[in-house]
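The values are calculated or read from the model by the stated rules, or taken from the named source; none is laboratory data. Because the structure is predicted, anything quoted here is derived from the model rather than measured. Methodologically, a virtual Cβ is constructed for each residue, glycine included, from the backbone with ideal geometry; neighbour enumeration extends over all protein chains shown. To get the accessible areas, we keep the full protein, side chains included, count just its heavy atoms, and leave off ligands, DNA and RNA. Shrake-Rupley method; radii C 1.70, N 1.55, O 1.52, S 1.80 Å.
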Amino acid sequence: MKTAHIRRMLTSVVAASQFLIASHYALVPAVAGDFEMEPIKYSDSKPDNVISRLQTKLDNDEVTLSFHPEFGYLPAVLDALKVPQSTQSLVFSKTSFQRQRIAPRTPRAIYFNDDVYIGYCQNGDVVEVSAVDPVLGTVFYSMDQEESAHPKFLRHTDNCLICHGSTHTLGVPGHMVRSVYPDLGGYPVLAAGTYRIDHTSPLPQRWGGWYVTGTHGPQKHLGNLIIRDGEKNMAEEVENTSGHNVTDLSRKFNTSRYLTAHSDIVALMVLEHQGQAHNLLTRANFETRSARYYEEALNRELKQPFGRQWESTKSRIRSVSEPLVKYLLFSGEAELTAQLAGTSGFTKEFSDHGIRDSKGRSLRDFDLKHRMFKYPCSFLIYSESFDKLPDEVRLPVYQRLFDILTGKDTSKEFSHLTAADRQAVLEILRDTKQGLPDYWKS
């Protein structure tokens, strides 16, 4: 009895030790800055993205960048990266590291495609770049706006991560689109509040501090609004009728100083959607890699077989995969109540680049009357960032998508998807998405 009692006590101690170690290694969520440690090692790792690849071509004289007398390297960089000028989105709030260059009369221009974001300021010292790296998340660069025989993209880490590697970006190197109440100088009136916006944000909260061109009927937003001194304590009640349904910005600033005269409302909607989608993809990547890393350490610590899977690790991965699934399927998307139309040609140009199924349908086709896209599944499912997710998270995401699109999962988070929506998205992905598990095709 004495021996049996001691054995039970030892078993309890070992079990308690395993629980505590498991809690340490597998249950602690990632926080901002964790990505500088193993296994991510963000700043110490070599990037592999559209900018690093372009720089290699520049170094090998495979590509040259021409220097424009007014815009510097901006037009050449956009051309080299296949970034359409129609994506131009203009922000005049001082919410960038070149804030001294930014004001309502001199807004900052942002251009983008699925893989990269380019920032430009009038008379700016640099072109700002954030590239979507499928392994490292967002990687930040700048290019000097002085003509050079050998132009260089310079990588930045610490200074950019102060804002772009915090809880505001889900604790990973990422993006955020902010909506503020700007004053005459472009300074945010912080007492009035700010919003981080994506496709779930109500339109009345969007685009404060941004110029917006396009029509949207009676729907309200904060674009084109400047808060006067007497309004600083009542910002949310400020009337913005003059800022709605604006199609010409020439009375607000000299539009000839920019590549186009537009800050297209549809481009802005896509910008805010994909910025948060990239953050969620990066978080799913980082958390899964970290969970695996700590699980391996736990197995070594407890002398368990290599590859033993812990439920705590699976739970940690589920905690990042489910929000990604919801976002990809536009769960919680703010409803539109009137037709939207842009001004720059972005809508057609973006849609024309869509991969189409046998019926001519694409995930880049717009609706713009009731919701953003006609077929509610994010086009970023085709991205390198999605395809390079670790199997431990990518395969469960595929399973969840399949269960939802086939009607096996009819939970309220996906009640916005009609039977026709589910069938259409399922068929489009079957026809166009490479790498689908075999069960998708049956």
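Quick look at the numbers
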{"read-out": "Per residue value of the accessible surface for the chain (all protein chains in place, 1.4 Å probe), Å²", "value": "46 Å²"}
{"read-out": "Approximate spin-label separation D431-D229, in nm, with each point projected 7 Å along Cα-to-Cβ", "value": "6.1 nm"}
{"read-out": "Set of lysines with alpha-carbon distance to K152 below 17 Å, sequence-local pairs under 8 removed", "value": "K46, K57"}
{"read-out": "Taking the convex hull of Cα positions in the chain, its mean projected area over all directions (nm²)", "value": "26.3 nm²"}
{"read-out": "Full-extension gain in nm, D409 to K388, via 0.36 nm per residue minus C-alpha separation", "value": "5.0 nm"}
{"read-out": "Calculated FRET value between D79 and I162, using beta carbons and R₀ = 30 Å, to 0.05", "value": "0.45"}
{"read-out": "Contour excess over end-to-end distance, with Cα ends at T247 and K41 and 0.36 nm allotted per residue", "value": "69.6 nm"}
{"read-out": "Pair S315, K348: separation of 7 Å Cα→Cβ label points (nm)", "value": "5.4 nm"}
{"read-out": "Semi-axes of the equivalent ellipsoid for the range 111-244, Cα gyration tensor, largest first, Å", "value": "31, 18, 15"}
{"read-out": "GNM result for the chain, Cα springs below 10 Å: residue of D125, D61, D421 fluctuating most strongly", "value": "D61"}
{"read-out": "Heavy-atom accessible surface of the range 301-442: percent carbon and sulfur, 1.4 Å", "value": "50 percent"}
{"read-out": "Additional length obtainable on full extension of the chain from L190 to R356, 0.36 nm per residue less Cα span", "value": "55.3 nm"}
{"read-out": "Degrees separating the helix 265-301 axis from the principal Cα axis of the chain, which is the longest one", "value": "20 degrees"}
{"read-out": "Cubic angstrom per residue, convex hull over Cα atoms of the range 284-391", "value": "128 Å³"}
